[in-house]
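Participant: One structure coming up, written as structure tokens, with questions to follow.
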Amino acid sequence: MNDFDTEISRFIWETKYRYSNGDLICEASVEDSWRRLARVLARTEKRDRGRWAMRFFRNLVDFQFLPGGRILAGAGTNRHVTLFNCFVMGTIEDSMAAIFERLKESALTMQQGGGIGCDFSTLRPAGSHAQHTGTIASGPVSFMRIWDATCATLLSTGSRRGAMMATLRCDHPDIERFIEAKRDPRELRHFNLSVLVSDELMTAVDRDEDWALVFPEQMLDGSGSEQVMRLWSGSATLQPCRVLKRVRARDLWRKITRATYDYAEPGVLFSDRINSHNNLYYREQITATNPCGEIPLPAYGACNLGSVNLMRFVRAPLTNRAEVDWSGIAACTAVGVRMLDNVIDLSHYPLPAQKKQAHGSRRIGIGITGLADTLIALGLHYDSDAARRLAAQVMQTVRDSAYQASIELAGEKGAFPYFSRDAYLAGADLKALPDTLRRGIGIHGIRNSHLIAIAPTGTISLLANGISSGVEPVFDFEHRRRVLTENGDYREFDIVDPIYRIWRERGGDSQQLPAAFVSARQLSPQAHLRMQAALQPYVDNAISKTVNVPEQYPFAQFESLYREAFTLGLKGCTTFRPNPVTQAVLTAGEPTLTSHCCDIEREGE
């Protein structure tokens with residue numbers, strides 16, 4: 001049986017996912033990899049292990065369900081690695097001992113293959129004096145450089161590079177330094193940066209008000225004349241914070257958008273919305289995400305991801321009989337929930353605190369990939385109401401199936417330990433569930449606190465014969481991509497989108513494509529935002545989505561994109577405009593130049 005239609009897919013499997021023990025290659029086909037994974041995940045079952053192993057295998061075969069890269073690379077091997085792609089680290093207390101303890105924890109986590117997210121808002125602003133020692137702080141950005149250097153020197157599994165997300169509050173006195181930190185192309189290359197944007201800032205921008213930059217009073221020397229109360233990072237209660245500076249809110253907002261226009265960072269995370277829509281709002285304050293942004297997490301939280309390959313559930317593609325196999329999507333999702341739940345019990349954890357958090361919440365993230373190819377197969381233009389309705393129906397199907405499966409798992413194995421029925425059911429996203437699911441949770445509980453996340457799926461989508469990744473539009477129907485090899489050099493591959501390949505194999509004219517064949521460069525930035533907004537109501541974690549912006553797009557129009565994202569109800573937004581600092585992530589017709597730290601070379605998403 002030929003497992004792969006493309007050269008790059010075989011290369012990805014051979015170099016990143018096929019199990020070998022030293023020089024001994026243990027798997028002859030990708031189906032051997034599926035069998036390994038199915039068997040080891042079934043070992044956590046108390047009964048019917050053989051039956052579950054077969055069901056897991058059938059869910060994986062033909063690339064129907066794509067587990068996160070760490071799971072496929074590490075499960076059932078002799079490698080002492082985590083099966084979780086990414087973690088958010090603990091609160092960085094503002095003392096030298098605590099800072100370097102967190103750095104050590106970050107290093108141990110990355111050493112085992114996990115990307116990390118860190119909120120640096122707890123570190124004193126540059127130039128401030130400590131209350132007890134009188135020392136002068138160098139500020140969050142200076143300590144981020146230490147994290148970045150550590151990440152750069154760590155060896156990880158295979159050709160995987162480290163990746164990190166750094167966040168900083170929009171009211172931190174060093175926010176302007178943070179915004180400008182990556183203007184130098186040599187700076188913080190292993191970090192993605194995101195500003196934690198509050199509802200209060202967005203209101204101040206709308207009203208053209210001043211904006212206070214503050215820091216907790218107890219951490220500063222002397223006393224200040226003006227204080228405000230803030231729920232600061234790492235604290236469960238409001239704290240008096242000293243106002244150290246005031247800026248015009250619109251000026252700060254313009255600095256954020258100008259930096260993003262010029263060099264693609266920082267992104268924004270709408271922190272109040274993230275927390276008000278957190279299923280565990282009653283016990284968590286979230287101030288960071290994993291490096292790609294699809295999982296907002298508390299301290300020591302972890303990403304446990306898998307995606308439903310929508311292209312495997314399209315019947316009669318590119319015909320007037322094309323339709324979606326809705327029951328197939330639901331069934332694939334339900335089995336995927338059980339598989340990811342078993343990963344929690346199977347995985348190693350770099351730190352005890354990470355194990356405690358994972359077992360307490362049993363968070364998972366089921367998502368989708370191949371959406372753009374699926375829309376084309378159904379004859380739907382990506383930027384159309386019909387496409388958005390179809391995509392929303394897909395996500396509702398995935399969500400409802402995942403929640404139902406988790407309720408049934410709770411009846412069999414018990415609810416997650418942090419479950420509190422009344423508080424949980426009072427959550428914003430829980431109130432939006434169908435009554436049958438709410439009643440089920442009330443009776444049986446639920447096995448997993450969170451269930452839905454849409455990851456970028458860059459590498460696993462290439463493994464699955466190059467389907468369009470996540471919910472992104474097709475980059476281009478023919479392009480070239482370069483990939484880092486195990487030897488540290490690059491290899492180039494010609495990429496042909498699979499739905500385009502089907503079109504050509506059926507005799508379609510490549511010069512006369514149907515209207516549904518639309519690529520990223522043909523779409524407006526608003527088209528990206530509208531698609532993300534259509535899916536967000538069904539996603540209890542978040543969505544990793546990059547809004548592609550043409551290089552010549554006027555800044556006056558670009559400036560409004562993040563505000564549109566906020567108005568549309570998104571939890572965050574990332575844009576990418578080709579620029580001299582980052583170059584292009586993908587380039588049609590020529591080798592690629594990498595940009596964000598979370599790309600194919602990290603293997604995972």
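Participant: Where residues in the stretch 426-451 are polar (S, T, N, Q) and in contact with a Phe, Trp or Tyr (Cβ under 8 Å, 6 or more places away or on another chain), which of them is surrounded by the most Cβ atoms within 10 Å (Cβ to Cβ)? If you could, list the steps in order and put the result at the bottom.
Facilitator: If we filter the stretch 426-451 for residues that are polar (S, T, N, Q), which is where we start, we get 436, 448-449.
Among the residues that remain, those that are also in contact with a Phe, Trp or Tyr (Cβ under 8 Å, 6 or more places away or on another chain) are: 448-449.
Working: ASN448: 28, SER449: 24.
Selected residue: ASN448.
This table checks each residue for (1) in contact with a Leu (Cβ under 9 Å, 6 or more places away or on another chain); (2) closer than 29 Å to CYS303 by Cβ.
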{"position": "ASP476", "(1), (2)": "yes, yes"}
{"position": "TYR500", "(1), (2)": "yes, no"}
{"position": "TRP503", "(1), (2)": "yes, no"}
{"position": "GLN511", "(1), (2)": "no, no"}
{"position": "ALA515", "(1), (2)": "no, no"}
{"position": "LEU523", "(1), (2)": "no, yes"}
{"position": "ALA542", "(1), (2)": "yes, yes"}
{"position": "THR546", "(1), (2)": "no, yes"}
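Participant: Tally time: how many residues in the stretch 452-465 are buried (at least 24 other Cβ atoms within 10 Å of the Cβ), part of a loop (DSSP other than H, G, I, E, B) and not hydrophobic (A, V, I, L, M, F, W, C)?
Facilitator: Qualifying residue count, the stretch 452-465: 2.
Participant: Testing ALA423 on (1) of a type in the set (A, V, I, L, M, F, W, C); (2) more than 22 Å from the chain's Cα centre (by Cα); (3) within 21 Å of ASN541 (Cβ to Cβ); (4) crowded, with 18+ Cβ neighbours inside 10 Å, one condition comes back false. Which one is that?
Facilitator: ALA423 satisfies all of (1) of a type in the set (A, V, I, L, M, F, W, C); (2) more than 22 Å from the chain's Cα centre (by Cα); (3) within 21 Å of ASN541 (Cβ to Cβ); (4) crowded, with 18+ Cβ neighbours inside 10 Å except (4).
Participant: Can you work out which of the residues in the stretch 550-571 that are in contact (Cβ under 8 Å) with a residue 60 or more places away in the chain and over 11 Å from PRO525 (Cβ atoms) is nearest to the chain's Cα centre (by Cα)? Walk me through how you get there before you give the answer.
Facilitator: So the first thing to find is which residues in the stretch 550-571 are in contact (Cβ under 8 Å) with a residue 60 or more places away in the chain, and the list is 555, 558-559, 561-563, 565-566, 569-571.
Within this subset, residues satisfying the condition of being over 11 Å from PRO525 (Cβ atoms) are 555, 559, 563, 566, 569-571.
Values: PHE555: 27, GLU559: 24, ARG563: 21, PHE566: 18, GLY569: 18, LEU570: 14, LYS571: 12 Å.
For the stretch 550-571, the residue satisfying everything is LYS571.
Participant: Right, something else. Given the conditions (1) within 15 Å of ILE146 (Cβ to Cβ); (2) in contact with a Leu (Cβ under 8 Å, 6 or more places away or on another chain); (3) surrounded by fewer than 20 Cβ atoms within 10 Å (Cβ to Cβ), which single one is not true for ILE92?
Facilitator: (3)
Participant: Check ASP184 against each of (1) in contact (Cβ under 8 Å) with a residue 24 or more places away in the chain; (2) surrounded by fewer than 19 Cβ atoms within 10 Å (Cβ to Cβ); (3) under 23 Å from THR150 (Cβ atoms) and name the one condition it does not meet.
Facilitator: Only one criterion in (1) in contact (Cβ under 8 Å) with a residue 24 or more places away in the chain; (2) surrounded by fewer than 19 Cβ atoms within 10 Å (Cβ to Cβ); (3) under 23 Å from THR150 (Cβ atoms) is unmet by ASP184, namely (1).
Participant: Still on this model: Looking for whichever is assigned to a loop (DSSP other than H, G, I, E, B), in contact with a helix residue (DSSP H, G or I) (Cβ under 6 Å, 6 or more places away or on another chain) and not β-branched (Val, Ile, Thr) here; the options are ARG388, ARG447, ARG399. Which one fits? First the steps, then the outcome.
Facilitator: Values: ARG388 fails: assigned to a loop (DSSP other than H, G, I, E, B); ARG399 fails: assigned to a loop (DSSP other than H, G, I, E, B).
Every option except ARG447 fails the conditions.
Participant: Kindly evaluate LEU201 against the criterion of being of a type in the set (A, V, I, L, M, F, W, C), at negative phi and surrounded by fewer than 21 Cβ atoms within 10 Å (Cβ to Cβ). Please lay out each step first, then the result.
Facilitator: On the way: of a type in the set (A, V, I, L, M, F, W, C): yes; at negative phi: yes; surrounded by fewer than 21 Cβ atoms within 10 Å (Cβ to Cβ): no.
It is false that LEU201 is of a type in the set (A, V, I, L, M, F, W, C), at negative phi and surrounded by fewer than 21 Cβ atoms within 10 Å (Cβ to Cβ).
Participant: Here's another thing I want to ask about it. Condition check: within 17 Å of VAL335 (Cβ to Cβ), not basic (Lys, Arg) and not in a loop (DSSP other than H, G, I, E, B). Does LEU72 satisfy that? Break it down into steps so the answer makes sense when it comes.
Facilitator: On the way: within 17 Å of VAL335 (Cβ to Cβ): yes; not basic (Lys, Arg): yes; not in a loop (DSSP other than H, G, I, E, B): yes.
In short, yes.
Participant: Out of (1) without any contact (Cβ under 8 Å) to a residue 40 or more places away in the chain; (2) surrounded by 24 or more Cβ atoms within 10 Å (Cβ to Cβ); (3) not hydrophobic (A, V, I, L, M, F, W, C), what's the single condition that is false for ASN275?
Facilitator: It fails just one condition, (2).
Participant: Another one. For the stretch 412-435: of the residues being assigned to a helix (DSSP H, G or I) and touching a residue at least 12 places away in the same chain (Cβ under 8 Å), which is farthest from SER401 (Cα to Cα)?
Facilitator: Narrowing the stretch 412-435 to residues assigned to a helix (DSSP H, G or I): 412-413, 421-425, 428-431, 435.
Still in the running and touching a residue at least 12 places away in the same chain (Cβ under 8 Å): 413, 421, 423-425, 428-430.
On the way: LYS413: 18, ARG421: 20, ALA423: 22, TYR424: 19, LEU425: 18, ALA428: 19, ASP429: 15, LEU430: 14 Å.
Within the stretch 412-435, the match that is farthest from SER401 (Cα to Cα) is ALA423.
Participant: Let me ask something else about it. Could you please give the count of residues in the stretch 1-51 that are without any contact (Cβ under 8 Å) to a residue 12 or more places away in the chain, under 21 Å from ARG70 (Cβ atoms) and assigned to a loop (DSSP other than H, G, I, E, B)?
Facilitator: Selection size over the stretch 1-51: 3.
Participant: In addition: Within the stretch 343-364, work out how many residues are assigned to a helix (DSSP H, G or I) and either charged (D, E, K, R) or surrounded by fewer than 20 Cβ atoms within 10 Å (Cβ to Cβ) (or both). I'd like the intermediate steps shown before the answer.
Facilitator: Going residue by residue through the stretch 343-364, those that are assigned to a helix (DSSP H, G or I) are 343-346, 352-361.
Imposing the further condition that a residue be either charged (D, E, K, R) or surrounded by fewer than 20 Cβ atoms within 10 Å (Cβ to Cβ) (or both) reduces the set to 345-346, 352-353, 355-356, 359-360.
Counting residues in the stretch 343-364 that are assigned to a helix (DSSP H, G or I) and either charged (D, E, K, R) or surrounded by fewer than 20 Cβ atoms within 10 Å (Cβ to Cβ) (or both) gives 8.
Participant: Before we move on, is SER327 closer than 30 Å to PHE517 by Cβ and outside any helix (DSSP H, G or I)? Walk me through it before giving the result.
Facilitator: Numbers: closer than 30 Å to PHE517 by Cβ: yes; outside any helix (DSSP H, G or I): no.
Spelling it out, it is not the case that SER327 is closer than 30 Å to PHE517 by Cβ and outside any helix (DSSP H, G or I).
Participant: Take the residues of the stretch 52-76 that are touching a residue at least 40 places away in the same chain (Cβ under 8 Å) and farther than 22 Å from THR457 by Cβ: which is surrounded by the most Cβ atoms within 10 Å (Cβ to Cβ)?
Facilitator: TRP52
Participant: I've got another one for you. Within the group GLU603, GLU551, which residue is of a type in the set (D, E, K, R), touching a Ser or Thr at 6+ places or on another chain (Cβ under 8 Å) and at pLDDT below 95?
Facilitator: On the way: GLU551 fails: touching a Ser or Thr at 6+ places or on another chain (Cβ under 8 Å).
Going through GLU603, GLU551 in turn, the sole match is GLU603.
Participant: Let me ask you something else. Among the residues of the stretch 97-119, write down those that are under 16 Å from ARG189 (Cα atoms) and either surrounded by fewer than 24 Cβ atoms within 10 Å (Cβ to Cβ) or of a type outside the set (Val, Ile, Thr) (or both). Show your work before the answer.
Facilitator: As a first pass, look at the stretch 97-119 and keep what is under 16 Å from ARG189 (Cα atoms): 110, 115-118.
Hits for the stretch 97-119 are MET110, GLY115, GLY117, CYS118.
Participant: Here's another thing I want to ask about it. Name, by its number, the condition in (1) in contact with a Gly (Cβ under 7 Å, 6 or more places away or on another chain); (2) in a loop (DSSP other than H, G, I, E, B) that does not hold for GLY336.
Facilitator: (2)
Participant: Are any of the residues in the stretch 348-369 within 30 Å of ARG506 (Cα to Cα) and of a type in the set (S, T, N, Q)? Talk me through it step by step, then tell me what you get.
Facilitator: Step one: of the stretch 348-369, the residues within 30 Å of ARG506 (Cα to Cα) are 368-369.
Then keep just the ones that are of a type in the set (S, T, N, Q); that gives 369.
There is at least one residue in the stretch 348-369 that is within 30 Å of ARG506 (Cα to Cα) and of a type in the set (S, T, N, Q).
Participant: Check off (1) in a loop (DSSP other than H, G, I, E, B); (2) of a type in the set (D, E, K, R); (3) more than 13 Å from the chain's Cα centre (by Cα) for ARG254 and give me the number that stays unchecked.
Facilitator: (1)
Participant: Could you run through the stretch 310-324 and say how many residues are under 12 Å from VAL394 (Cβ atoms) and outside any helix (DSSP H, G or I)?
Facilitator: The number of residues fulfilling the criteria is 2.
Participant: Right, next: Residues in the stretch 169-189: is at least one within 28 Å of THR82 (Cα to Cα) and either among the small types (Gly, Ala, Ser) or in contact with a strand residue (DSSP E or B) (Cβ under 6 Å, 6 or more places away or on another chain) (or both)?
Facilitator: Looking for residues that are within 28 Å of THR82 (Cα to Cα) and either among the small types (Gly, Ala, Ser) or in contact with a strand residue (DSSP E or B) (Cβ under 6 Å, 6 or more places away or on another chain) (or both), one finds none in the stretch 169-189, hence no.
The values are calculated or read from the model by the stated rules, or taken from the named source; none is laboratory data. Since we're looking at a predicted model, the values are computed, not measured. We place every Cβ from the backbone using ideal geometry, glycine too, and count neighbours over all the protein chains shown.
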